[in-house]
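> Got a structure for you, written out below as structure tokens; questions coming shortly.
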Amino acid sequence: MKTIYRIGLAIITAGIVFLLIPSCTSTYLGRWVAWNFSDIRDHEKFPKHDISNADPVFHFPIAQDQKLKNISYDYKKKPYQLSVEDFVAHSETTALIVIRNDSILYEGYGNGYTRTSINTSFSVAKSITAMLVGIAIDEGKINAQDAITQYIPELMESDKGLIEVTITNLLMMQSGFYYRDHDLVWGDKPKNYYHPCLRSRALNVKLDEPPGERWQYMGYNPILCGMILERTTGERVSNYFEHKIWSKLGMEFPGSWSIDSEEGQMEKMESGVNGRAIDFAKLGRLMLRQGDWNGESIISKEWVNQCTSLDGSVKAWEGVHYKNFWWLYPATDEHPFSYAATGHLGQFIFISPQEKTIIVRFGKDMGKVDSWIRIFRDIATKVAQ
């Protein structure tokens, strides 16, 4: 009887604990159970650091010739065409903006979102992190070829081999860290996203293979870049972003950067920039103009070119390269070279330099399309004709 009683008590206790876990969203396990799969309203769940905008506001003019009427796309390898408005509604898109030659060819919102709705970046934040790293390099605060242990010496306590990992290895996703790339509770992927103390997580990384040899996409790399930025600039990453970029681009609205927790106070470097779609388009304009904003150099031309040049890039898969937290798309017979900041569930800042086109898309999920990049490239080529 005692054994049965103990088993019953254990089951009841476990049940109570399981029911209570979701209410403890200040813990990793509580977040994993309660929040589980990430979604575009995650910016409402995490605490945040506010990012102020500043006058004067920059407004893209509206183009006289609205060339974009329809969008052609494939889904499950079958071709479709819809009016741009119907496409936005059909594809789970919350914001779609097409800009060429500094003028808006199309700006539309759908699925319950408007121009003033907040969109969260997901991994577009990684590309923003690269912009900030470039500014810190321009200012002489860091050197991309330095070992990360030069800035975070306590990493040596986790693995002495980390002395071989450079900032460039982080930016190229070639750090060689051990990484469990799945969404189960013990995986590194959800821990990078939900852990309430990202610094402590990152300080426990260990090498799985020599750095610089293999490309593996992971969240530890931008987190460590964020720690290096904190230490070399002496301020929060969100503050650095505010006065180096956000406040200088004539943003129409304030933004924010989600943080791991009130206790941790670290920006979610891999995913957490929040703002309106029209202001994300201004980040695309800054990159298209090679770091220049109306005559002021915000990011050096050299760094922008380094991030967006195929030379030295890593081939992620066929037709897609990666460099310094940016995705690169080599020229084809149909389309010139382009690049993009991309995020989970289909968040994009797409830039086609030759066609002088910026496309911003945010959405609830990827929608029923085979390839957003193919859609963007087709749009950019079409409006350039």
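> Among the residues of the range 219-235, is any over 24 Å from Ser127 (Cβ atoms) and not assigned by TED's automatic domain parsing to the domain that holds Ser313?
Checked the range 219-235: no residue is over 24 Å from Ser127 (Cβ atoms) and not assigned by TED's automatic domain parsing to the domain that holds Ser313.
> If you scan the range 330-351, which residues turn out to be closer than 21 Å to Lys282 by Cα and of a type in the set (Ser, Thr, Tyr)?
Ser338, Tyr339, Thr342
> Inspect all residues belonging to the range 244-258 and state whether any of them is among the hydroxyl-bearing types (Ser, Thr, Tyr), without any contact (Cβ under 8 Å) to a residue 40 or more places away in the chain and out of contact with any strand residue (DSSP E or B) (no Cβ under 6 Å at 6 or more places or on another chain). Show your work before the answer.
Start the filter on the range 244-258 by keeping residues that are among the hydroxyl-bearing types (Ser, Thr, Tyr), which leaves 247, 256, 258.
Now narrow it down to the ones that are without any contact (Cβ under 8 Å) to a residue 40 or more places away in the chain: none.
Checked the range 244-258: no residue is among the hydroxyl-bearing types (Ser, Thr, Tyr), without any contact (Cβ under 8 Å) to a residue 40 or more places away in the chain and out of contact with any strand residue (DSSP E or B) (no Cβ under 6 Å at 6 or more places or on another chain).
> Ok, one more. Surrounded by 17 or more Cβ atoms within 10 Å (Cβ to Cβ) and within 18 Å of Leu170 (Cα to Cα): is that true of Glu242 in this structure?
Here the answer is no, as Glu242 does not meet what is asked.
> For the subset of the range 91-107 comprising residues that are touching a Phe, Trp or Tyr at 6+ places or on another chain (Cβ under 9 Å) and of a type outside the set (Val, Ile, Thr), which member is farthest from Ser338 (Cα to Cα)? Let's see the steps before the verdict.
Filtering the range 91-107 down to residues touching a Phe, Trp or Tyr at 6+ places or on another chain (Cβ under 9 Å) leaves 91, 93-99, 102-104, 107.
Next, only the ones that are of a type outside the set (Val, Ile, Thr) stay: 91, 95-96, 102-103, 107.
On the way: Ser91: 23, Ala95: 21, Leu96: 18, Asp102: 17, Ser103: 19, Glu107: 21 Å.
Checking each candidate, the answer is Ser91.
> Still on this model: Scanning the range 30-59 for residues that are surrounded by fewer than 14 Cβ atoms within 10 Å (Cβ to Cβ) and hydrophobic (A, V, I, L, M, F, W, C), which turns out farthest from Ile259 (Cα to Cα)?
That would be Val57.
> Tell me whether the range 204-223 contains one or more residues that are among the charged types (D, E, K, R) and assigned to a helix (DSSP H, G or I).
There is no residue in the range 204-223 that is among the charged types (D, E, K, R) and assigned to a helix (DSSP H, G or I).
> Do we have any residue at all in the range 289-309 that's within 28 Å of Ser38 (Cβ to Cβ) and either assigned to a strand (DSSP E or B) or in contact with a Pro (Cβ under 7 Å, 6 or more places away or on another chain) (or both)?
The answer is no, given that none of the residues of the range 289-309 is within 28 Å of Ser38 (Cβ to Cβ) and either assigned to a strand (DSSP E or B) or in contact with a Pro (Cβ under 7 Å, 6 or more places away or on another chain) (or both).
> Do you know which of the residues in the range 142-201 that are part of a helix (DSSP H, G or I) and of a type in the set (Val, Ile, Thr) is surrounded by the fewest Cβ atoms within 10 Å (Cβ to Cβ)? It would help to see each step written out before you state the result.
From the range 142-201, those part of a helix (DSSP H, G or I) are 148-150, 153-157, 160-164, 167-171, 188-194, 198-201; that's our starting set.
Now restrict to residues that are of a type in the set (Val, Ile, Thr): 148-149, 163, 167-168.
Values: Ile148: 26, Thr149: 18, Ile163: 14, Ile167: 24, Thr168: 19.
Top of the filtered list is Ile163.
> Within the range 243-266, take every residue that is touching a His at 6+ places or on another chain (Cβ under 9 Å) and among the charged types (D, E, K, R) and give me the one that is farthest from Phe46 (Cα to Cα). Give the derivation first.
Within the range 243-266, the first condition is being touching a His at 6+ places or on another chain (Cβ under 9 Å), and the residues that meet it are 250, 252, 256-261, 264-265.
Of the ones still in play, those that are also among the charged types (D, E, K, R) are 252, 260.
Numbers: Glu252: 23, Asp260: 7 Å.
Within the range 243-266, the match that is farthest from Phe46 (Cα to Cα) is Glu252.
The rows are residues; the columns are (1) touching a strand residue (DSSP E or B) at 6+ places or on another chain (Cβ under 9 Å); (2) in contact (Cβ under 8 Å) with a residue 12 or more places away in the chain; (3) surrounded by 15 or more Cβ atoms within 10 Å (Cβ to Cβ).
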{"residue": "Ala281", "(1), (2), (3)": "yes, yes, yes"}
{"residue": "Arg289", "(1), (2), (3)": "no, no, yes"}
{"residue": "Gly295", "(1), (2), (3)": "no, no, no"}
{"residue": "Lys301", "(1), (2), (3)": "yes, no, no"}
{"residue": "Gln306", "(1), (2), (3)": "yes, yes, yes"}
{"residue": "Asp333", "(1), (2), (3)": "no, no, no"}
{"residue": "Pro336", "(1), (2), (3)": "yes, yes, yes"}
{"residue": "Gly346", "(1), (2), (3)": "yes, yes, yes"}
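Results for (1) on the phi < 0 side of the Ramachandran plot; (2) within 19 Å of the chain's Cα centre (by Cα); (3) touching a residue at least 40 places away in the same chain (Cβ under 8 Å), shown as yes or no for each residue.
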| residue | (1), (2), (3) |
| --- | --- |
| Arg115 | yes, no, yes |
| Ile137 | yes, no, yes |
| Ile142 | yes, no, yes |
| Asp146 | yes, no, no |
| Leu162 | yes, no, yes |
| Pro190 | yes, yes, yes |
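The values are calculated or read from the model by the stated rules, or taken from the named source; none is laboratory data. A quick note: this is a predicted structure, and the numbers were derived from the prediction, not measured. Methodologically, a virtual Cβ is constructed for each residue, glycine included, from the backbone with ideal geometry; neighbour enumeration extends over all protein chains shown.
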